[in-house]
Amino acid sequence: MASDDRPDRYPFPAIEAKWQRAWEERRQFRATEDPARPKYYCLEMFPYPSGRIHMGHVRVYAIGDLLARFKWMRGYNVLHPMGWDAFGLPAENAAIDNGVHPAVWTYENITNMRTQLQRMGISYDWDRELATCEPSYYKWEQLVFIRMFERGLAYRKRSTVNWCPSCQTILANEQVEAGRCWRCDSEVAVKEVEGWFFKITDYAEELLAWCDRLPGWPERVMTMQRNWIGKSEGAEFDLPVVERDDVRIRIFTTRPDTSFGMTYAVLAPEHPLVDALVRDADERVAVDAFRQEVAGQSEIERLAADRPKRGLRLRARAINPFTDAEIPLFLADYVLMGYGTGAIMAVPGEDQRDWDFAKQYGLSIVATVKRPEGWDDSEAYTGDGVKINSGFLDGLDVAEAKRAAIEWLERRGLGEAKVNYRLRDWGISRQRYWGAPIPIVYCSACGMVPEREENLPVVLPRDVQISGKGGSPLAEVAGFVNTPCPRCGGRGRRETDTMDTFVESSWYFLRYCSPHYDQGMFDRAAAEYWMPVDQYIGGIEHAVLHLLYARFYTKVLRDLGFIKVDEPFTALLSQGMVIKDGAKMSKSKGNVVDPDDLIRRYGADTARLFSLFAAPPEKDLDWNDRGVEGASRFLNRVWRFVTRHLAELRGAGPAAPAALSGPGRAFRRIIHETIRRVTDDIEKDVHFNTAISAVMELVNALHDFEPESMDAMPREERGALLREGVETALLLLGPVCPHVTEELWSRLGHGESLFRRPWPVADPAAVEREEITIVVQVDGRVRSRLTVHAAAGEGEIRERALGDGKVTPWLDGRRVAKVVVVPGRIVNIVTRG
Ligand SMILES: [Zn+2]
Ligand SMILES: [Zn+2]
């Protein structure tokens, strides 16, 4: 408590502890459904219980708390819960490193982090706290898994998957970033294994369509999701193979109009038809060698535009059905099995990758779209234009030719229009221990059988050896693995993979609506009252991970009849990172600031104020110690001002707006303009930093209002205005710095919490300005500002602008060609040399 003794610091340790206790004792932020009031569901992405909160957490929770408290004061019924994304690999790795059971490690971390969060004074409804590793939680996602299994939305298949050698598990496509594991940054390998998938591809079209119907989401995130879903429209058709009536190569193209320019075709090296096309042992050797070479590359490398492509020419040849010409057939690394059909028609004239490949291998290039004037033919032409060299398509434009080509294919029974998506099914099997068991039993008689619903949850056993050597640890637990078949009662074997932890985070926001409900996933009435989440807050790194999965899972729950909402999150705020010394804070870079230290030295209110003031929420926040000092100085200044004037403030009555003196009216205008600015900044613009600077200006104005010169004003008027100014500043600052404002509020004599007071509303009469500011531009650049009477006419404004001392130097030696006056706003002077 050393900081208590420093004369320049208000006693924040005592004040913060006092109010955190008081809010809890009064259960002030507990939420209950109340149809009479508008609801506001404010949610920050829940944390993984790593053990310590970091500055990124402080920032996101400060943003959430500002909005939650603001909405409380605006009269909303606010739900603001907190919980723990508690399954996952770090717990298991800690078990391997230190011999602590993942459950013990996780719960200890939760206890530590809860204490840290409570010290920040966030307005959470702690009664709703949940941890996803609880059987009472994952029981319900096991139930949903079974319902999905019954409808074919959860299925098992053998396929090539992304494999993280360090995490020893499968990764979903969304969890591979530039060829590396999202969690541990290891290079991801490709492996052929069996695993469980969720059929997110069934929802591709709906997920995409709703990207245009979520105006509360950042465009950046919607674009990332659209690109990830990757819809492409085109055609699928068959290429005959020369002298092989038994084989047809199915290809997908987004440009069927370019078919006459198909001068070769390409198969992915993994394509299952390749084996049938190989003619003899020599070709087999070459193909195997080529496949091996390609297998060593990641998808990202294979698709990179700026690298030489590698190919192998097969001896078999295909036929272009549009021209009946025989064309060469290649295997090439730039064609992937997972996209389209794993085979493409190559049109080097109109596709850059095909162009590069054709140049490398000396293949012919045919232009099928007329090039613009001056085109130098050094690259493929991908623009629009009139079709040429294209038989019956000649003379059409690209869009018309696409339609005509598809019609031609359909008439001949060769192919049809086809929509493809880049999105692939969500691989959810993890060969690790610390996750929710998949409720499936394998029976030699019945095959795959879901566990009976009355037997749920399938509880994750505690007693397990975790070696990290690979393979699902659950497979070693005989008591778990051996189980009677739920259908025939015979000997069964449980699935030993666990679910991706992103499954738990796909519905926790629904569970918060009734976290203790034990008759189902959630109480339907409660979920229908609170959902959807009105404001979701979290990092952009989840754009195509959690944020896509949660949207998908919500739609599945809707289709399974659990809930009516189409989308989980109405609005999303993606906050920027916290940066120090030019890099994201991280242990390895040694630039971490520990929130605990910060709170100990300056208090939670200062930590919150700094993180909200230093940058707009969606931008990166550049850490600097001077900014923290500045925030602390400001709060101490507020503290000193209020405590110094306490007697006068407590004795003051309400202001009488009609009877104010001139300076009194001017001061009251500042108060009410601040209210308007802060409200707009928070509600309309989400500019918390400018909202805070508006309050800072009000505090400055309070100091200016203080001097002896104001003694000219009647004492009652001065006291009343001081009180109105101080109370307004405290109310506006409350959601940012709740402890110090609540303390000062109570010292002013209020028995009721500041956060039970309505948010102030600007008095329109007070902000009515008799004088207005007009911007003066010379040749488009702002050179001066004029203060004029609101009723000033155009002529007067024009004269004042041309004679203004800041304007005249810019007119020197030039001729005024034109003066445009927009009354009330701007004067624009146009000159000629
Ligand atoms: Zn990994
Ligand atoms: Zn059976």
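Per residue, how much accessible area does the chain have with a 1.4 Å probe, in Å²? Could the numbers behind the result be given before it?
On the way: 35950 Å² over 833 residues.
Value for the chain: 43 Å² per residue.
Rg(Cα) of segment 12-87 divided by 2.2 N^0.38 Å? Can you show the working numbers first?
On the way: Rg = 14.1 Å, N = 76, 2.2 N^0.38 = 11.4 Å.
That ratio works out to 1.24.
Give the separation of the Cα centroids, segment 660-709 to segment 447-481, in Å.
When both Cα centres are located, 62 Å separates them.
Rounded, prolate or oblate: which fits segment 679-772 when a ≥ b ≥ c are the square roots of the eigenvalues of the alpha-carbon gyration tensor, with rounded for a/c under 1.5 and prolate only if a/b beats b/c?
Oblate shape, in that a/c is at least 1.5 and b/c is the bigger or equal ratio.
For a protection proxy built on the mean count of beta-carbon atoms within 10 angstrom, sort 687-693, 409-415 highest first, please. Spell out each step's value before the answer.
Working: 687-693: 20.0, 409-415: 14.4.
Taking the mean over residues of other Cβ atoms within 10 Å, the ranking is 687-693, 409-415.
Given the -39500 (n - 2.57) contribution per DSSP H run of 4+ residues, what per-residue ellipticity at 222 nm results for the chain, rounded to the nearest 500 deg cm²/dmol?
One gets -11500 deg cm²/dmol as the mean residue ellipticity at 222 nm.
Note down, for segment 1-137, the three equivalent ellipsoid semi-axes (square root of 5 times each alpha carbon gyration tensor eigenvalue), biggest first, whole angstrom.
28, 23, 12
May I ask for the distance between the Cα centers of segment 278-340 and segment 755-792, given as a whole number of Å?
When both Cα centres are located, 68 Å separates them.
In debye, nearest 20, what is the charge dipole magnitude of segment 303-448 about its Cα centre with +1 on Lys and Arg Cβ and -1 on Asp and Glu Cβ, if you could check?
860
With θ taken as phi - 60° and the coefficients 6.51, -1.76 and 1.60, list the Karplus ³J(HN,Hα) couplings across segment 345-355 in order, rounded to whole Hz; mark glycine and proline as x.
Calculated HN-Hα couplings, in order: 8, 9, 10, x, x, 10, 9, 5, 5, 5, 4 Hz.
Taking the Cα centre of each part, how many Å lie between segment 529-564 and segment 6-61?
Segment 529-564 and segment 6-61 have Cα centres spaced 24 Å from each other.
How high is the relative contact order of segment 779-833? Use alpha-carbon pairs under 8 Å, at least six apart in sequence, and give a whole percent.
Details: 55 pairs, mean separation 20.9, N = 55.
After rounding, I find 38 percent.
Please work out, to two decimal places, the log10 of the ratio I(q)/I(0) at q = 0.10 Å⁻¹ from a Debye calculation in which every Cα of the chain carries one identical scatterer.
So the normalised log intensities work out to -1.16.
Tell me the carbon and sulfur percent of the accessible area for the chain, rounded to whole percent, probe radius 1.4 Å.
Working: 17650 of 35950 Å².
Solvent-exposed carbon and sulfur of the chain make up 49 percent of the total.
Identify all lysines with a Cα-Cα distance to LYS71 below 24 Å; exclude those on the same chain that are fewer than 8 residues away in sequence.
Candidates past the 8-residue exclusion: LYS18, LYS39, LYS619, LYS684.
Toward the positive end of the charge dipole of the chain, about the Cα centre and with charges on Cβ (Lys, Arg +1; Asp, Glu -1), which of THR223, MET113, PRO738 goes farthest?
About the Cα centre, the residue reaching furthest to the positive side is PRO738.
Positive end of the dipole of the chain, charges at C-beta (+1 Lys, Arg; -1 Asp, Glu), about the Cα centre: which of TYR536, PHE330, SER259 has its Cα farthest in that direction?
Selected residue: TYR536.
Report the trypsin sites (Lys or Arg not before Pro) located in segment 196-250 that are in a DSSP loop and have at most 12 other Cβ atoms inside 10 Å of their Cβ, or state none. Before the final figure, lay out each step's value.
Numbers: sites: LYS199, ARG213, ARG220, ARG226, LYS231, ARG244, ARG248, ARG250; in loops: LYS199, ARG213, LYS231.
Of the trypsin sites (Lys or Arg not before Pro), the ones in loops of segment 196-250 whose Cβ has at most 12 other Cβ atoms within 10 Å are ARG213.
Antiparallel versus total DSSP beta bridges in the chain: what percent is that, nearest 5?
80
Taking θ as phi - 60°, what are the ³J(HN,Hα) couplings along segment 807-824 by the Karplus curve (6.51, -1.76, 1.60), each to the nearest whole Hz, with x for Gly and Pro?
With the stated coefficients, segment 807-824 comes to 9, 3, x, 7, 9, 4, x, 10, 9, 6, 8, 7, 10, 9, 10, 9, x, x Hz.
Please list the non-local residues whose amide H lies under 5 Å from the amide H of LYS580, H modeled 1.01 Å from N, same-chain partners needing a gap of 5 or more.
MET585, TRP623
What are the GluC sites (Glu not before Pro) within segment 752-833 that DSSP puts in a loop, where the Cβ has at most 11 other Cβ atoms within 10 Å?
Qualifying residues, ordered by number: GLU752, GLU768, GLU770.
Let me have the relative contact order for the chain, percent, based on Cα pairs under 8 Å that are six or more residues apart.
That works out to 14 percent.
Going by accessible area, probe 1.4 Å, with all protein chains left in place, what is the ranking of ASP779, ASP333, ASP681, ASP581, largest first?
The ranking, largest first, comes out as ASP581, ASP779, ASP681, ASP333.
Excluding residues on the same chain fewer than 8 positions from LYS199, give the lysines whose Cα lies under 23 Å from its Cα.
Excluding near neighbours in sequence, the set is LYS139, LYS157, LYS191, LYS231, LYS418, LYS555, LYS564.
Would you work out the relative contact order for segment 1-112, in percent, from Cα pairs under 8 angstrom that are 6 or more residues apart?
Relative CO of segment 1-112 lands at 28 percent.
Which ³J(HN,Hα) values, rounded to whole Hz and listed in residue order, are derived for segment 96-104 from phi using the Karplus coefficients 6.51, -1.76 and 1.60 in 6.51 cos²θ - 1.76 cosθ + 1.60 with θ = phi - 60°, glycine and proline given as x?
5, 6, 10, x, 8, 5, x, 5, 5
Filter the trypsin sites (Lys or Arg not before Pro) in segment 688-791 to those in DSSP coil with at most 16 other Cβ atoms within 10 Å of their Cβ, and list the result.
Of the trypsin sites (Lys or Arg not before Pro), the ones in loops of segment 688-791 whose Cβ has at most 16 other Cβ atoms within 10 Å are ARG769.
Taking all protein chains together and a probe of 1.4 Å, list ILE229, ILE579, ILE670 from the most accessible to the least accessible.
Putting ILE229, ILE579, ILE670 in descending order of accessible area: ILE670, ILE579, ILE229.
The values are calculated or read from the model by the stated rules, or taken from the named source; none is laboratory data. As the structure is a prediction and not an experimental result, all values here were calculated from the model. Cβ coordinates were reconstructed from backbone atoms using ideal geometry, including for glycine residues, and neighbour counts include every protein chain displayed. Just the protein is used for accessible areas: all its heavy atoms, side chains included, with ligands, DNA and RNA removed. Shrake-Rupley method; radii C 1.70, N 1.55, O 1.52, S 1.80 Å.
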